[in-house]
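Participant: Questions regarding the structure given below will be posed in turn.
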Amino acid sequence: MFAYHPRWQAGINRQEPYAMSDATATITGNLAGDPELRHTASGRAVANFSVAVNRGHHDRQAGTWVEDDPLFVRCVLWGESAENMVESFRRGHRITVIGDLVPNSWEDKDTGKRRTSIELTARDVAGSVKFSRVKPVRVTRDGEPDGSQVQRVAAAATVSAVGASSGEPAF
C-alpha cells in the first residue's frame, strides 16, 4: 500500500510514494554490541545490530526505581545508511531507531516447529544527546568528509562572531 506525505501532495518535497506500515516503531536504547556490516551478493550493504531498551518502574510502596530486564530488539539497516551507521556508532552508544516491525518465520531444525521472531527494519537511526554529545559529519558520495562545507560553516561563524558588537554570534 502506498500513500503520499502531505508535503509531497503540496509539491514541497519529492513526489515519490513511500510504503506505509501498520507496524511502525520508534525505540530508544543502547547498542548491545558493535553493528555488523556485510554485503549481499549484489553488493548492497546491510547492517545488523541489537538495541537494549532498558525498562523500569517506580515501586510506590518502597519509593524507589526498580530496573526490569532489558528488552533486546534485533534491527537491520540497508544501503548507505548501514555503512554510515557502522562508522558512527559502537557498543553502548544510545540511539533512536525508527522503522517497521517485520515478522520472520522459519522451521526449527531441532524440533521441526514453526518459529517466528520480529525484527525492526530501520528507516533511520539517530544518536541520542541525552547522555553524550553527538557530532554529525556530512559525507560526500565517495564517503569522505565534506571538508569544504566544514570550512564554509567555520568561516561563516567567524564572520558572524567578528561582526557582532556584543561579542556573540549574530544568529
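Coordinate-derived values only; no laboratory data. What you see is a predicted model; the values in this text were computed from it and never measured. For neighbour counting, all protein chains shown are included, and Cβ atoms are generated from backbone atoms with ideal geometry for every residue, glycine included.
Participant: Work out, step by step, the length gained on full extension between Phe131 and Asp22: first 0.36 nm times the residue separation, then minus their alpha carbon distance; give nm to one decimal.
Facilitator: Numbers: separation 109, 0.36 × 109 = 39.24 nm, distance 3.16 nm.
Here the segment from Phe131 to Asp22 would lengthen by 36.1 nm.
Participant: If all Cα-Cα distances of segment 29-120 are sorted into 10 Å bins from 0 onward, what percent lands in each bin, rounded to whole numbers?
Facilitator: Here the calculated profile for segment 29-120 is 15, 34, 30, 16, 5, 1.
Participant: Using r as the Cβ-Cβ distance of Arg91 and Ser42, and R0 as 25 Å, what FRET efficiency do you calculate, to the nearest 0.05? Walk me through the intermediate numbers first.
Facilitator: Details: r = 29 Å, r/R0 = 1.16.
Efficiency computed from Cβ-Cβ geometry: 0.30.
Participant: Per 0.36 nm of contour for each residue apart, how much would the distance between Asp124 and Trp106 grow if the chain were fully extended, relative to their Cα-Cα spacing? It would help to have the intermediate numbers written out before the result.
Facilitator: On the way: separation 18, 0.36 × 18 = 6.48 nm, distance 2.68 nm.
Gain on stretching Asp124 to Trp106: 3.8 nm.
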